[in-house]
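**Student:** Starting off with a structure, shown below.
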Amino acid sequence: MNELPLYRQASERGNTSTLWVALALLVLIAAGSLSVGRAGDKQKETTSSVVAAETAVADSNNSTTTKTNKMSDTELRNRLTPEQYRVTRENGTEPPFHNAYWNNHKEGIYVDVISGEPLFASTDKFDSGTGWPSFSKPINPANVVEKGDKSLFVERTEVRSKESDSHLGHIFDDGPQPTGLRYCVNSAALRFIPREKMQEEGYGQYLSLFDNGGKK
């Protein structure tokens with residue numbers, strides 16, 4: 001009479017153990033799924049952060065380039081005098097002997113009127129007798145771009161500033177030694193910075209051009 005209840009009791013205990021094992025397995029599976037989900041979310045967040053950072057850097061670089069090198073025509077017209085605009089943007093030529101720097105003998109450097117890019121130094125300026133500022137060489141040849149010009153049915157070599165792409169003038173091979181070159185430049189394309197103001201205007205690194213009385 002006691003065996004049947006004992007069998008049922010053992011069976012019930014077995015069922016209970018099986019249930020607990022099943023519940024434990026379900027808990028482990030759920031925990032594993034949650035961990036994988038969190039790892040996936042973390043990976044997505046990391047990827048998104050990297051992409052966002054790269055995009056920000058690219059936008060920053062593009063913004064800097066645009067700010068430095070790109071000016072609308074309206075901005076240029078508002079910033080430049082009509083003569084400066086005609087010379088730099090329309091490849092014009094100012095009158096000889098009637099311009100700002102043809103007879104300037106002060107020490108200093110000449111920079112691009114638009115970008116401020118250093119172009120020529122007074123130590124390389126000479127009197128060519130043409131009525132335009134003339135230089136035997138630029139401060140840094142990389143800042144001046146040479147381009148073929150056949151606008152007057154005579155082949156010449158135009159010179160333009162690299163950063164702002166401004167028309168500066170032309171280069172000829174009748175200059176003084178040691179270069180034998182003459183960079184004939186429009187005053188309207190330039191801004192002159194006297195030697196005594198170069199440091200305060202951010203061009204102190206070029207003061208060495210005037211060491212030893214300007215002899216290099």
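Read-outs: derived from the displayed coordinates by stated rules, not from any lab. Source: prediction; values computed, not measured. Here the Cβ is made from the backbone with ideal geometry for all residues, glycine too, and neighbour counts use every protein chain on show.
**Student:** Given labels modelled 7 Å from the Cα in the Cβ direction, how far is it in nm from residue 79 to residue 154?
**Tutor:** So the two model labels end up 3.3 nm from each other.
**Student:** Determine the dipole magnitude for segment 77-216: charges of +1 sit on the beta-carbon of Lys and Arg, -1 on that of Asp and Glu, nothing else is charged, the reference point is the Cα centre, and the result goes in debye to the nearest 20. Please report the intermediate quantities before stating the final value.
**Tutor:** Numbers: 18 positive and 20 negative charges, 20 e Å.
The calculated dipole for segment 77-216 is roughly 100 debye.
**Student:** Students often get this wrong, so check it: of 106/162; 125/150; 70/197; 70/125; 125/162, which have C-alpha atoms separated by over 22 Å? Mind dumping the intermediate values first?
**Tutor:** Details: 106/162 25 Å; 125/150 26 Å; 70/197 27 Å; 70/125 30 Å; 125/162 20 Å.
Listed pairs above 22 Å: 106/162; 125/150; 70/197; 70/125.
**Student:** Where in segment 169-197 does the amide nitrogen come within less than 15 Å of the point 7 Å from the Cα of residue 212, taken along Cα to Cβ?
**Tutor:** 178
**Student:** Find, among the trypsin sites (Lys or Arg not before Pro) in segment 132-206, those assigned to loop by DSSP (not H, G, I, E, B) with at most 12 other beta-carbon atoms within 10 angstrom.
**Tutor:** Numbers: sites: 147, 150, 156, 160, 162, 182, 191, 195, 197; in loops: 150, 162.
In loop regions of segment 132-206 (DSSP not H, G, I, E or B), the sparsely surrounded trypsin sites (Lys or Arg not before Pro) are 150.
**Student:** Can I ask one more? Quickly work out the residue 179-to-residue 100 label distance, labels modelled 7 Å from Cα along the C-beta direction, and quote it in nm with one decimal.
**Tutor:** Spacing of the two 7 Å Cα→Cβ label points: 2.1 nm.
**Student:** Let me understand segment 82-214 better: what is its radius of gyration from the alpha carbons, and its Dmax, in angstrom?
**Tutor:** 14.0, 45
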